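Here's the structure, in structure tokens; my notes come after.
The values are calculated or read from the model by the stated rules, or taken from the named source; none is laboratory data. The structure displayed is predicted, hence computed values, not measured ones. Note: ideal-geometry Cβ built from the backbone for every residue, glycine included; neighbour counts use all protein chains shown.
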Amino acid sequence: MRRIIAGIAVAVAIVGVSIAIVPAADAATPGVGWGNWNNGTSGYYPYKGTFTTQSTGARSVCGEIGKAVPSSGDSYIGVQGTGWINANLSTSWGAHPNVNDNQVAGLNRVIQENVNTGDRNTAAALEFAVQSSLYGGYFDTSGNSHPSLWDLVNYTLVRSAGSANVNTITSIAQNLINEINSTTAGSGGTGSGLLQFTVSPRNNYNGTVTMNGTSGSTGTITLTNGTFLSTGTNTLNGAVEGASYQVTGVPPTTDGAPYKISGSGTFTAPGNSGYAPNVGVYLAASGQQSSLGVGGMVSNQPFNVSGIDPMERSTVFQPVLTTTATQFVARGDVPTDQVTFSTTADASGTNNPWFISPSGNYAPILANGTLYGPFDTPPAQSTTVPAGAPLLGHATVTTSLQNGPNVAYTATSDTPAATSGYYTWVWSIDWNNQTAGVQATIPGPASGDPSQAPYFWSDDFGQSVETSVTPMRIAAVSQLTAPTIELSGQSTDTLTVTADGYWLKDSTGANIPITFRGTAYFVSGATAPSVSASPPAGATSLGSVTQIVTAPGQYTPPSITAPDASAGFITWVWQIRTADQPIAYRGYVEPWADQFGLGPETQSIAMPAVSTVAEPTAYAGRGFTDTATITGTLPVGGANLHFELYDGVKDSSGAWVCAAANLAWTSPVVAVSATGDVTSAPAPGQAPGTYNWVEVLTSNSGNVISRGACGASTEQTVVSAPAVTTSATAGSDLATAIGDVATVTGELPETGATLSFAAYRVPMTQTPNGSWAIDYPASSGTPAPTPSTPALSATPDPQAGATPDLSWACTPANEVFSDPGQLITTAGEHSSATFVPSEGGKYLWVETLTWQPPATSGGPTPAAVVLHSGTCGVLAETSHALTVTTHAATDDGTGTAAAGAGTAAAGANLWDTASITGYVPEGSTVNFNLYVVKKGQAPVCDASTLVATLAPTTANPQPGGYFPAASPYSLTSEKWKNDVDFDSVGYFVAVVTDSLGRQVAAGECGDPNETANANAAVAFIAATGGFATTSVVVISGCIAALGAISLLMMRRYRRSRR
């Protein structure tokens, strides 16, 4: 426990504030800190900080815990080390420190850095840090151990310093403890040594320097007449004892005199400067605390070294050189050589470097070069120049003061190379050709030994690196073997080779091989190419060949195959290219090329010509051919010919088109080996139309040689359908059949064609007034006519006169009959199946001829082709169904047509009547023919018995139209007066004829419809169609059993026969 100093005035304390008490004379006094100095180490406010010693006035800090302040004064006993501290310091409870040198050095460090602080927190923290480090724990003045530094500081100072300062003091104290424990004690020291040099016997400029002395020493060495290889200067820092360093001599004079390298240096022995492991110690009276103050510092002491070469260094050097001649020298150019200088060892092995004066200039060495040549063979290497070697020129080179041997120098001959050949350099360095200053630095009388022979050096003759080549000048002319060539032929050229100058040889004496390259170019067109320096843009290479030549003369290179399909010209171009030469001899010959398009090197390609003539016409479905006539020159190995057939298609401009889209057929390929005619295989049958042939001549590899023009007039075939004309049955009485007959002319398809027929009934309609008319569709714009004014076509029918326009009537709705069709293979007449109309009317026939093209192998069945289709409404293709009832009358009868037949006396009138139902042809003619034969003879109705043709009282032609049974069409013939002067029988034959003259209806001759008897009179019969009638027996002068007049039975007409 610190004792309280007597005689102290009363003190009033407030937390965080201390009031200092003036100490007695000759006692230590407080410095900076917290707490009450007079309380010492005990009391409510113990003091923590620095104080001022009585003996020296220096600041110190308490070194012993729990002991009283040195109130009785102190005495300074100097600095004390680790052993003294551990043995002599103690706490009030008898504990001693246990620290090492580094910790003591750390105590010295923190005391020196902080004991004179003016900060109360730092001063208090210093005491806590020193005491905790000395005694290894956190002890208060009573010897109590605290769990942490903060707990100790808080326990001791919270009442005087407050909580905030407690935290600050703790932080500072911890940092100081860390510094104490991280400090290394300084050691100090000094040493001795000397510099030792070596001189290289191989290069007097080179050597080493070593500082031999106190082990581990380091320092700086400075040289005289020398530099360090590692730094390039005469100073080396960081030199280590025992290590050897490369040095290079620097001659001090320009005369090349021998010299020595010397050196000096400063070194430091091993050890470190820093805080000594001691502190200043202030002892107090017995029982009072000892205090600790600033300790010492330690540092290392440098020492000097020196040395000099053990022998003189020589500056004499032996210059030599190497060269690299330019490999190739163009004819007319001057040869050059690249010269590189260096040094060589003397007989003793010493090889000093190139002399450099103190000012940094290299000794200027002069070298002489002599160039020999040309030679046709590479010169052999030798130490002397062969006798008789041709000399071309000379060159000299002097090294520069700035660069000396460190750069290459270019030597140039004073004479150009005039011809091809090998050229080789020989170089020498002669003491006698050097300046006086240089002579002193190379071997000779001026280098220190007057008896020494002057220095002379020369390289060998014929070294490959000193030999250049002036390339050969080789050329050629060529001549093709023929002026023309076939397609796919072999184009062969010949070369005549010449040399201007030496033909260079290799080291064995053999001529160097030269490779020529010949390229054959193709130029299209009819005009030979013009001569030019290089191939024009339009020239196409056919390939290249090479020819190796070894001497002037004539050569036959390999040939090149001509194009197999193209017209034009082949022209050769020959050249010598560096890239084509053997690698070992590239550059030994000048590049060369002849011109493009030279006459002797150009040949035209002989072409075949093709003309063609196709069959101009053909029938549908039947094969037809094209014939090509080949003239000119065929390709080698022949050619192939095929024919292409195209549907006749034109583009928007009207030009024929022959493209894949309209290709109809391609013929098999025909191999052509000779000129002449080649006919295609027959093209398969085609539909009607125009077809274009295109012939294609190709090479054996498939390239097109020629192709015909699309649409050429001689290459068109017009395919036509066979012609079909038809004639239908003119009429029917509803009891006989009608049909159609087609007449086919021309050739039918090879596989035949199908002929079919269909019949259409023209539809009728009843008008408001009860009459009947054709039922025209509304779209036709034609009004339904009345029976008295039938509608007639505005233009004549293609085969007949005027008839109603019925082209619209052949529709499925109006079809009444069609046959299944028949396959026909020959021209001629072919009849349709027939049918019996079921009602009166106008029947229109339409015939159709159809061809089914055969399917190609594996392909789909093609669509059928209609070769012909008849026109609807043609009069010749019209059948009329109608019935005619007739009645003959005479004046001798009842006087009416219904009264029956009778006998006409001489001078009496005869006539006939007709009643028609069905369709009466428009423009038809109805006539009544009267035939008279002698009584008792067979009926004969011909021109010999015709006595009259009676027209109807209604003038022909008849308007025609449809008349139902309820309102038949009635006609009465003109009257004929009987003027026959013999007993006879008369026959009426009523005939209905259409506007074409076809007989639609006619009676049969000899049908006894009407009879009469009279002397020199005519018994007449009306022929109404040849049907069964009541027999009438004609008896001259009387009437048979039935009376004077035999009644005429009404009969129907049979249709006329064709």
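Restricting attention to segment 263-279, the residues that are farther than 30 Å from residue 224 by Cβ and touching a Leu at 6+ places or on another chain (Cβ under 6 Å) total 1.
I'm trying to understand the selection: among the residues of segment 953-983, which are closer than 28 Å to residue 891 by Cα and free of Cβ contacts under 8 Å to residues at least 40 places away in the same chain?
Restricting attention to segment 953-983, the residues satisfying the condition of being closer than 28 Å to residue 891 by Cα are 953-958, 967-983.
Those that are closer than 28 Å to residue 891 by Cα and free of Cβ contacts under 8 Å to residues at least 40 places away in the same chain: 953, 954, 955, 956, 957, 958.
Looking at 552, 582, 600, 557 in this structure, which one is touching a Gly at 6+ places or on another chain (Cβ under 9 Å) and in contact (Cβ under 8 Å) with a residue 24 or more places away in the chain?
Details: 552 fails: touching a Gly at 6+ places or on another chain (Cβ under 9 Å); 582 fails: touching a Gly at 6+ places or on another chain (Cβ under 9 Å); 600 fails: touching a Gly at 6+ places or on another chain (Cβ under 9 Å).
Only one candidate qualifies: 557.
Being buried (at least 17 other Cβ atoms within 10 Å of the Cβ) and part of a loop (DSSP other than H, G, I, E, B) holds for only one residue in 161, 185, 173, and it is 185.
Filter segment 719-741 for residues that are hydroxyl-bearing (Ser, Thr, Tyr) and not in a strand (DSSP E or B); which is surrounded by the fewest Cβ atoms within 10 Å (Cβ to Cβ)?
By that ranking, first place goes to 736.
Of all residues in segment 441-456, none are within 59 Å of the chain's Cα centre (by Cα) and surrounded by fewer than 20 Cβ atoms within 10 Å (Cβ to Cβ). Residues that are more than 18 Å from residue 481 (Cα to Cα), β-branched (Val, Ile, Thr) and in a strand (DSSP E or B) within segment 529-580 comprise 540, 548, 549, 576, listed in sequence order. Selection of segment 851-890 for residues being closer than 25 Å to residue 719 by Cβ and in contact with a helix residue (DSSP H, G or I) (Cβ under 9 Å, 6 or more places away or on another chain) yields 870, 871.
Conditions (1) of a type outside the set (S, T, N, Q); (2) surrounded by fewer than 21 Cβ atoms within 10 Å (Cβ to Cβ), marked per residue:
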residue: 265; (1), (2): yes, no
residue: 270; (1), (2): yes, yes
residue: 273; (1), (2): no, yes
residue: 283; (1), (2): yes, yes
residue: 287; (1), (2): yes, yes
residue: 310; (1), (2): yes, yes
residue: 320; (1), (2): yes, yes
residue: 326; (1), (2): no, yes
residue: 330; (1), (2): yes, yes
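Within segment 382-399, restricting attention to residues that are surrounded by 14 or more Cβ atoms within 10 Å (Cβ to Cβ) and in a loop (DSSP other than H, G, I, E, B), the residue that is nearest to the chain's Cα centre (by Cα) is 399.
Contact map, segment 146-171: residues that are assigned by TED's automatic domain parsing to the domain that holds residue 132 paired with residues that are of a type in the set (Lys, Arg) and outside any helix (DSSP H, G or I), Cβ distance under 7 Å, separation 6+ or inter-chain. Pairs shown: 156/48; 157/48.
Hey, does segment 633-640 have a residue that's hydroxyl-bearing (Ser, Thr, Tyr), farther than 30 Å from residue 474 by Cα and not in a strand (DSSP E or B)? Please lay out each step first, then the result.
First pass over segment 633-640, keeping only residues hydroxyl-bearing (Ser, Thr, Tyr): 633.
Next cut, farther than 30 Å from residue 474 by Cα only: 633.
Then drop every residue that is not not in a strand (DSSP E or B), which leaves 633.
Yes.
Within segment 399-416, no residue satisfies the criterion of being within 12 Å of residue 341 (Cα to Cα) and in contact with a Lys or Arg (Cβ under 9 Å, 6 or more places away or on another chain).
Can you spot a residue in segment 112-119 that is among the aliphatic types (A, V, I, L, M), in contact with a strand residue (DSSP E or B) (Cβ under 9 Å, 6 or more places away or on another chain) and within 20 Å of residue 35 (Cβ to Cβ)?
Start the filter on segment 112-119 by keeping residues that are among the aliphatic types (A, V, I, L, M), which leaves 115.
Of the ones still in play, those that are also in contact with a strand residue (DSSP E or B) (Cβ under 9 Å, 6 or more places away or on another chain) are 115.
Right, trim to within 20 Å of residue 35 (Cβ to Cβ) and you get 115.
Checked against the condition, which is being among the aliphatic types (A, V, I, L, M), in contact with a strand residue (DSSP E or B) (Cβ under 9 Å, 6 or more places away or on another chain) and within 20 Å of residue 35 (Cβ to Cβ), segment 112-119 yields at least one hit.
Of the numbered criteria (1) touching a Pro at 6+ places or on another chain (Cβ under 7 Å); (2) more than 13 Å from residue 868 (Cβ to Cβ); (3) in a strand (DSSP E or B), the one residue 744 fails is (2). For segment 986-1006, a residue qualifies if it is modelled with pLDDT under 85, over 16 Å from residue 890 (Cα atoms) and buried (at least 24 other Cβ atoms within 10 Å of the Cβ), and exactly one does: 1003. Identification of strands (runs of 3 or more DSSP E) wholly contained in segment 418-496 with 2 or more residues that are in contact with a helix residue (DSSP H, G or I) (Cβ under 6 Å, 6 or more places away or on another chain) and not assigned by TED's automatic domain parsing to the domain that holds residue 366 yields 473-480.
Residue check: is residue 355 under 30 Å from residue 232 (Cα atoms), touching a Pro at 6+ places or on another chain (Cβ under 8 Å), surrounded by 18 or more Cβ atoms within 10 Å (Cβ to Cβ) and among the hydrophobic types (A, V, I, L, M, F, W, C)? Write out each step before concluding.
On the way: under 30 Å from residue 232 (Cα atoms): yes; touching a Pro at 6+ places or on another chain (Cβ under 8 Å): yes; surrounded by 18 or more Cβ atoms within 10 Å (Cβ to Cβ): yes; among the hydrophobic types (A, V, I, L, M, F, W, C): yes.
Yes: the conditions hold for residue 355.
For residue 220, are the conditions met, namely being closer than 18 Å to residue 267 by Cβ, modelled with pLDDT of 95 or more and in a strand (DSSP E or B)? Working first, answer last.
Values: closer than 18 Å to residue 267 by Cβ: yes; modelled with pLDDT of 95 or more: yes; in a strand (DSSP E or B): yes.
Yes: the conditions hold for residue 220.
Pairs under 8 Å by beta carbon, first residue over 14 Å from residue 488 (Cβ atoms) and assigned by TED's automatic domain parsing to the domain that holds residue 674 in segment 632-643, partner surrounded by 18 or more Cβ atoms within 10 Å (Cβ to Cβ) and among the acidic types (Asp, Glu), six or more apart or different chains? Close Cβ pairs satisfying both conditions: 641/695; 642/695; 643/626; 643/695.
Count of segment 892-938 residues, restricted to those that are modelled with pLDDT of 85 or more and either closer than 30 Å to residue 805 by Cβ or among the polar types (S, T, N, Q) (or both), is 18.
Let's see how each residue does on (1) assigned by TED's automatic domain parsing to the domain that holds residue 453; (2) over 60 Å from the mean Cα position of the chain (by Cα); (3) at pLDDT 95 or above; (4) among the basic types (Lys, Arg):
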position: 259; (1), (2), (3), (4): no, yes, no, no
position: 265; (1), (2), (3), (4): no, yes, yes, no
position: 285; (1), (2), (3), (4): no, yes, no, no
position: 301; (1), (2), (3), (4): no, yes, no, no
position: 322; (1), (2), (3), (4): yes, no, yes, no
position: 325; (1), (2), (3), (4): yes, no, yes, no
position: 328; (1), (2), (3), (4): yes, no, yes, no
position: 333; (1), (2), (3), (4): yes, no, yes, no
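Of the numbered criteria (1) crowded, with 19+ Cβ neighbours inside 10 Å; (2) among the aliphatic types (A, V, I, L, M); (3) farther than 24 Å from residue 434 by Cα, the one residue 363 fails is (3).
If we keep just the residues of segment 503-517 that are in a strand (DSSP E or B) and over 15 Å from residue 553 (Cβ atoms), which is farthest from the chain's Cα centre (by Cα)? The selected residue is 505.
When we screen 427, 431 for residues that are surrounded by 13 or more Cβ atoms within 10 Å (Cβ to Cβ), within 26 Å of residue 453 (Cα to Cα) and touching a residue at least 60 places away in the same chain (Cβ under 8 Å), the only hit is 427.
Among the numbered conditions (1) under 43 Å from the mean Cα position of the chain (by Cα); (2) within 30 Å of residue 1002 (Cα to Cα), the only one that residue 736 does not meet is (1). Taking first residues from segment 378-392 that are within 23 Å of residue 585 (Cβ to Cβ) and partners that are basic (Lys, Arg), the Cβ contacts under 9 Å between residues at least 6 apart in sequence or on separate chains come to 378/505. Of the residues making up segment 406-421, those that are of a type outside the set (D, E, K, R) and surrounded by fewer than 21 Cβ atoms within 10 Å (Cβ to Cβ) number 10.
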